[in-house]
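**Student:** Just passing along the structure, written as structure tokens.
The values are calculated or read from the model by the stated rules, or taken from the named source; none is laboratory data. What you are looking at is a predicted structure, and each value in this text was computed from that prediction instead of being measured. All Cβ positions, even for glycine, are placed from backbone atoms using ideal geometry, and neighbour counts span all protein chains on display.
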Amino acid sequence: MAASDSPRPDWIDPEQYPFDSNHADLDAGRLHYVDEGEGRPVLMLHGNPTWSFLYRHLLRGLSEDYRCIAPDYLGFGLSEKPRDFSYRPAAHADVVEEFIEELGLAELTLVVHDWGGPIGCRYAVENPGNVHSLVVMNTFCWPVERDLYLKAFGGLLGSRLGKLLITRRNFFARSCEGDCWPGELALRKRSGQG
């Protein structure tokens, strides 16, 4: 764990994201995170294609009373983007577990959004004695193997083509309408909501 010694990219607005950068050198890569305030830890896990910037307002508001930690998953935000990492939720869950252990977080509140659901809830299920509270927003935490669309969608994104679309064409960000992820858009259309 170390404060960042590298300069911030020019595209980051310091008024919107004024937080100090920290990094944890983990087995899979170098993870960027924000660590603000003191008190019981609140770990904020973002979705896809977002990063810790999503939690900027909560970081400001809650850090007066809590220690607020918001990592960027590997491949997201200001974290390293290792070529040999799988980028599937299970791999991110492994990294988050190592990150929690590295920081020595105890009795934490987990805030999970979107992909943060399966990533963070795996930790909560496997380590219930270390999770004080769980805040769940716009996510899923159950198996999706029987949903053929989600299975195909996940298979595409985990494939070589999917990795190329994401890393070279910014597929997630460019394919979203508003603030949803592409799978959510298809689910909305199927259910008559989109």
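**Student:** Failed condition for residue 80, given (1) over 30 Å from residue 161 (Cα atoms); (2) in a loop (DSSP other than H, G, I, E, B); (3) free of Cβ contacts under 8 Å to residues at least 60 places away in the same chain, with all others met?
**Tutor:** (1)
**Student:** Here is a list: 66, 149. Which entry is aromatic (Phe, Trp, Tyr) and surrounded by fewer than 13 Cβ atoms within 10 Å (Cβ to Cβ)?
**Tutor:** Answer to the check: 149.
**Student:** Every residue in region 128-153 that is free of Cβ contacts under 8 Å to residues at least 24 places away in the same chain and not aliphatic (A, V, I, L, M), please.
**Tutor:** 128, 129, 140, 142, 143, 145, 146, 147, 151
**Student:** Now for a separate question. Answer with yes or no whether residue 52 is in contact with a Gly (Cβ under 6 Å, 6 or more places away or on another chain) and either surrounded by 19 or more Cβ atoms within 10 Å (Cβ to Cβ) or assigned by TED's automatic domain parsing to the domain that holds residue 154 (or both).
**Tutor:** For residue 52, the condition - in contact with a Gly (Cβ under 6 Å, 6 or more places away or on another chain) and either surrounded by 19 or more Cβ atoms within 10 Å (Cβ to Cβ) or assigned by TED's automatic domain parsing to the domain that holds residue 154 (or both) - is met.
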